[in-house]
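Undergrad: Here you go, one structure.
What follows is calculated from the coordinates using simple rules that are stated; it is not laboratory data. Keep in mind the model is a prediction, meaning the values are calculated, not measured. Glycine also receives a Cβ, built like all others from the backbone with ideal geometry; neighbour counts cover every protein chain displayed.
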Amino acid sequence: AQNQPLEMVMQKALDHARATLTAEAGVLMLATDTDELRLVAHRGISVELIKTLAATKLRETVGGQGILQRRPVALDISQYPGERLRPALVEEGIHSIASAPMLLGDKIIGALTVGRKRPQPFTEHELRLLSSLATQVAIFYDRATLRARLQATISLQDLTIKVLARLNSPRGTEEMLT
């Protein structure tokens, strides 16, 4: 329930990217500590593709290519970097794909990727728009995760204070030992 607002914002960002760039499909993926991207939001794709994209290696996605190059990437599906994923995307009817890395300085957050089911390449202007949106999502995600960590730290401190207060009370030590 705590991640609901975050997930909702990611879905809305994805919807906005698809509408702005007239793309029928889109995914938002977060980077993991193991050079993978984990699917966290999706629109306009089949259940089969969702399963295929659930967790993918960084180097086998266009999003990963954007992260490695630290810039937005657009390409025709025939140029897709991952041999394992290309057939699934072709089956989905994707012709053109664009992705922008979600970066904060040197920190990799993930990638925002959209696809068109028609052979219409993405323009430089569209890539700049996608990149701007990806940066906004990265900032929101980073702030939301910082806020969650801060709340967890505050909760732990509150618990510690309660335990110490109990231990310092005249009967507290006895109660805690029994």
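Undergrad: Can you compute the modelled spin-label distance between SER78 and ILE50, with each label point 7 Å from Cα toward Cβ, in nm?
TA: The two pseudo-label positions are separated by 3.2 nm.
Undergrad: Placing +1 at every Lys and Arg Cβ and -1 at every Asp and Glu Cβ, with all other atoms neutral, what dipole size does the stretch 19-121 have around its Cα centre, in debye to the nearest 20?
TA: Here the stretch 19-121 has a charge dipole of around 200 debye.
Undergrad: While we're looking at this one, here's another question. Please identify every one of the trypsin sites (Lys or Arg not before Pro) in the stretch 53-88 that sits in a loop by DSSP and has no more than 14 other beta carbons within 10 Å of its own beta carbon.
TA: Of the trypsin sites (Lys or Arg not before Pro), the ones in loops of the stretch 53-88 whose Cβ has at most 14 other Cβ atoms within 10 Å are ARG70, ARG84.
Undergrad: What does the net charge come to around LEU89 if you take all other residues with beta carbon closer than 13 Å to its beta carbon, with K and R at +1 and D and E at -1?
TA: -3
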